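Taken together, the values in this text are just the output of simple stated rules run on the coordinates, not laboratory data. Fair warning: this is a prediction, and the values are worked out from it, not measured in the lab. All Cβ positions, even for glycine, are placed from backbone atoms using ideal geometry, and neighbour counts span all protein chains on display.
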Amino acid sequence: MQRVPSTVRTYVSAVRRALRSDLPVSKYRTFTALRADLAKLGDESRPGAIPRAVRQSFLGVNVQAPREPNGALFHDLSAVYITLPPEHRDVLGRQLSLLLHKYLPLANIAPAAQLQAPQAVEPDLGKRIRKAA
């Protein structure tokens, strides 16, 4: 079997990425125009990309497929955090921060300099989340 030329793979990748991003692929007259619109979308349209809004929280972390749970606790937690709407992501972030501050002293490691003190989580939070879902 013959190997597929790299140019073909490049075009196929661009079309896949455009389809995943819900771009009207059949409406483009040239690949240059398609690539220009893909460039406007930035890295977030790439498979496995972590959205800019949460990227800072994942410095030094490698999540293989942030939109596909695989059963590994921290991978799946990361996938949930990445894909949540911003208002729920903020709440989950505050809850995780509380847990981190609770268990950090037991871990015998120094906290990161940029680690912020946890914010209080609202008491009726669970009800609001269930109602929104």
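Remark: the HIS88-THR7 segment gains 25.0 nm on full extension, using 0.36 nm per residue and subtracting the alpha carbon distance.
Starting from 0.36 nm per residue, how many nanometres of slack lie between ASP37 and SER57 once their C-alpha separation is accounted for?
4.5 nm
Going from the residue with the fewest nearby Cβ atoms within 10 Å to the one with the most, LEU77, LEU106, LEU38 rank LEU106, LEU77, LEU38.
Rounded to the nearest angstrom and listed largest first, the equivalent-ellipsoid semi-axes of the stretch 1-47 from its Cα gyration tensor are 20, 13, 9.
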